[in-house]
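One structure is given below, encoded as structure tokens.
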Amino acid sequence: MPELPEAETIRRQIAKKIIGKDIREASITDPAILRYPPDVRRFCRHIKKCHILAVTRRGKAIVCRLDSEQLLVIRLGMSGTMKVVPADVPFDRHVHFRLRFADNNELRLRDPRKFGGVYLRDGSNVDALPEFSHYGPDALSDEFNADYLAAALRGRKVLIGVVLMDQHLVAGIGKIYSDEACWRTKVAPTRPAGSLSRAEIKRLAAAVKECLTEAIGVRGTTAGDNSYVDTYGLAGGFRPATYARTGQPCPRCDTPIQRTRMGGGRGLHYCPKCQK
Ligand SMILES: [Zn+2]
């Protein structure tokens with residue numbers, strides 16, 4: 001599933017190609033991809049002739065700001081990716097959303113598993129949108145730091161590896177980078193969140209930013225059952241230490257990585273020896 005680094009990679013790649021473009025028309029091939037407004041015709045009417053001013057990101061979602069005081073939110077879901085191509089390039093049945101620009105290029109959202117979604121909302125303040133109103137700070141923002149994390153984890157019995165994936169606590173982290181941040185901190189993801197010491201929390205907050213930043217630098221992660229590719233069809237270059245590496249040696253101590261089914265069926269990967 002695309003997490004913050006994968007969404008940021010796609011954002012950067014499409015931003016260069018669509019900022020300043022005029023939208024000529026939108027096509028929704030599968031109405032299930034359209035989450036708001038629910039009416040396809042209304043959506044297409046409202047987005048037509050808009051001009052793209054900026055392409056930003058909130059957590060794992062990509063947000064286009066339009067000159068019509070509207071925001072187009074695109075969630076990549078489990079398997080979504082986007083590309084910008086000439087409109088005459090053929091596309092397959094997994095392309096559910098297309099935006100055609102005046103220059104005859106198209107932005108396409110391809111999402112085989114269809115957990116992604118497209119929203120068109122009035123306004124220009126991303127944080128005021130219903131999609132994000134309860135979101136925590138972005139994992140790479142200054143608001144997400146050791147003090148914030150310490151206050152958020154205090155007394156929590158939920159596993160630390162699960163709590164890091166809660167977008168209401170911090171936005172942008174999923175399975176890959178939760179596992180990675182815990183490994184770098186030498187903390188087992190199966191520990192109750194409230195049991196971490198102040199020193200561990202400080203290291204964890206730093207590890208989150210460090211691994212996300214490294215991953216953005218190499219265009220994200222393609223690992224395990226995630227089929228993520230960037231807008232050029234290339235796999236990400238980040239190599240997680242534990243995620244999707246069950247049975248393989250820990251890069252730090254060679255102990256086989258374990259996977260545990262915990263926290264709503266999500267597997268947590270960790271080294272049973274050097275993560276305490
Ligand atoms: Zn180890």
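The values are calculated or read from the model by the stated rules, or taken from the named source; none is laboratory data. Since this is a predicted model, take the numbers as computed values, not measurements. Every residue, glycine as well, gets a Cβ built from its backbone with ideal geometry; the counts of neighbours run over all protein chains shown. The accessibility values were calculated without ligands, DNA or RNA, using every heavy atom of the protein model including side chains. Shrake-Rupley method; radii C 1.70, N 1.55, O 1.52, S 1.80 Å.
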* Asked: Of the residues Arg12, Arg58, Arg154, which exhibits the maximal mean-square fluctuation in a Gaussian network model of the chain defined by a 10 Å Cα contact cut-off?
  -> Arg154
* Structure fact -> In degrees, nearest 10, the alpha-carbon axis of helix 175-185 is tilted away from the dominant principal axis of the alpha carbons of the chain by 40
* Structure fact -> FRET efficiency (Asp147, Glu214; Cβ distance; R0 25 Å; to 0.05) is 0.60
* Asked: Roughly speaking, what is the stretch gain from Val40 to Lys273, that is 0.36 nm per residue apart minus the C-alpha to C-alpha distance, in nm to one decimal?
  -> 78.6 nm
* **Förster-model FRET efficiency, 41 Å R0, Val85 and Arg154, C-beta, rounded to 0.05** => 0.25
* Per-residue ³J(HN,Hα) for region 127-143, Karplus 6.51 cos²θ - 1.76 cosθ + 1.60, θ = phi - 60°, Hz, x for Gly and Pro -> 5, 7, 5, x, 5, 10, 5, 9, 6, x, x, 4, 4, 9, 7, 5, 5
* Run the dipole for region 1-58 about the Cα centre, Lys and Arg Cβ at +1, Asp and Glu Cβ at -1, nothing else charged, and hand back the magnitude in debye, nearest 20. => 320
* To do: Figure the gain on full extension for Gln70 and Lys16 (residue separation times 0.36 nm, minus the Cα-Cα span) and round it to one decimal in nm.
  => 17.4 nm
* Rounded FRET efficiency, nearest 0.05, which uses the C-beta distance separating Thr56 from Ser197 and R0 of 35 Å -> 0.50
* Asked: Tell me, what ³J(HN,Hα) does each residue in region 33-50 have, in order and in whole Hz, if you take phi through Karplus 6.51 cos²θ - 1.76 cosθ + 1.60 with θ = phi - 60° and put x for Gly and Pro?
  -> 6, 8, 9, 7, x, x, 8, 4, 5, 5, 4, 4, 5, 6, 8, 4, 6, 7
* Structure fact -> Once Ala206 and Asp127 are pulled to full extension, the length gained, defined as 0.36 nm per residue separation minus their Cα-Cα distance, is 26.0 nm
* **Two-decimal Rg/Rh across region 167-266, once Rg and the Kirkwood Rh are taken from alpha-carbon atoms** => 0.96
* Asked: For the Cα atoms of the chain, what angle does the longest principal axis make with the long axis of helix 198-217, in degrees from 0 to 90, nearest 10?
  -> 40
* Structure fact -> Note to self: C-alpha centroids of region 49-73 and region 79-137 sit apart, in Å, by 10
* Asked: Label points 7 Å out from Cα along the Cβ direction at Arg113 and Lys186: separation in nm?
  -> 3.4
* Leaving out ligands, DNA and RNA, what percent of the accessible area of region 132-276 is carbon and sulfur, probe 1.4 Å? -> 53
